[in-house]
Amino acid sequence: MELRQIDGSRDRFNGRFSIGSSDMALALDVPVSKNSALLVSVRRSYLQFLFDVLALPFLPTYNDYQVKYKIDINRKNQLTWSR
């Protein structure tokens, strides 16, 4: 399996919000300068609330986030920090 992260936008602010059958997510692209961008995303499940109301014995839950900052130092070198 190969996973690739996208890079943040360097020319404009972008935001995405989504609601799925089990979670909701928010992602933001923030241009920091003409050479760098910040990408932040968060996700949270909400099935635990439904399962609690239905009195089911298990509560699936997850929360996660990702942060990626990328800067072009020059034409051949880049620095990326992600968490």
Note to self: Can you tell me which aspartates and glutamates have their Cα less than 13 Å from the Cα of Lys34? Leave out same-chain residues fewer than eight positions away.
What the structure shows: Asp11, Asp72
Note to self: Computing the accessible area with a 1.4 Å probe over protein heavy atoms, can you report the carbon and sulfur percentage for the chain?
What the structure shows: 59
Note to self: Looking at the chain as a GNM with Cα springs under 10 Å, which of Asp52, Asp72, Asp11 has the largest mean-square fluctuation?
What the structure shows: Asp52
Check: Residues with amide H under 5 Å of Leu38's amide H, sequence separation 5 or more or different chain, H placed in the peptide plane at 1.01 Å from N; which?
Finding: Val30, Val32
Checklist line | Expected 222 nm ellipticity per residue - DSSP helices of 4 or more, -39500 (n - 2.57), all of the chain, to 500 | finding: -2000 deg cm²/dmol
Notebook entry, point to check: Hey, what's the chain come to in accessible area per residue, 1.4 Å probe, Å²?
Noted result: 80
Notebook entry, point to check: With Cβ to Cβ distances under 15 Å as the rule, what net charge do the other residues near Tyr46 carry (K, R +1; D, E -1)?
Noted result: -1
Check: In whole angstrom, how long is each semi-axis of the equivalent ellipsoid of the chain, when you take the square root of 5 times every eigenvalue of its Cα gyration tensor and sort them from largest down?
Finding: 35, 13, 8
Check: When only DSSP loop residues count, what chymotrypsin sites (Phe, Trp or Tyr not before Pro) in the chain have their Cβ near at most 15 other Cβ atoms within 10 Å?
Finding: Phe13, Tyr46, Phe58, Tyr62
Checklist line | Within the stretch 1-71, trypsin sites (Lys or Arg not before Pro) in DSSP loop having at most 11 other beta-carbon neighbours inside 10 Å | finding: Arg4, Arg12, Lys34
Next item on the list: Between beta-carbons, use under 10 Å as the cut-off and find the net charge around Gln66, counting Lys and Arg +1, Asp and Glu -1.
Entry: +2
Check: Once phi is turned into θ = phi - 60°, what whole-Hz ³J(HN,Hα) does the Karplus curve with 6.51, -1.76 and 1.60 give for every residue of the stretch 49-56, x standing for Gly and Pro?
Finding: 5, 5, 5, 5, 5, 7, 6, 7
Check: When Lys and Arg each count +1 and Asp and Glu each count -1, what net charge do the other residues less than 14 Å away from Val30, Cβ to Cβ, add up to?
Finding: +3
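The values are calculated or read from the model by the stated rules, or taken from the named source; none is laboratory data. Because the structure is a prediction, the values reported are computed rather than measured. As a convention, Cβ positions derive from the backbone with ideal geometry for all residues, glycine included, and neighbour counts pool all protein chains shown. Ligands, DNA and RNA are excluded from the accessible area calculation, which covers all protein heavy atoms including side chains. Shrake-Rupley method; radii C 1.70, N 1.55, O 1.52, S 1.80 Å.
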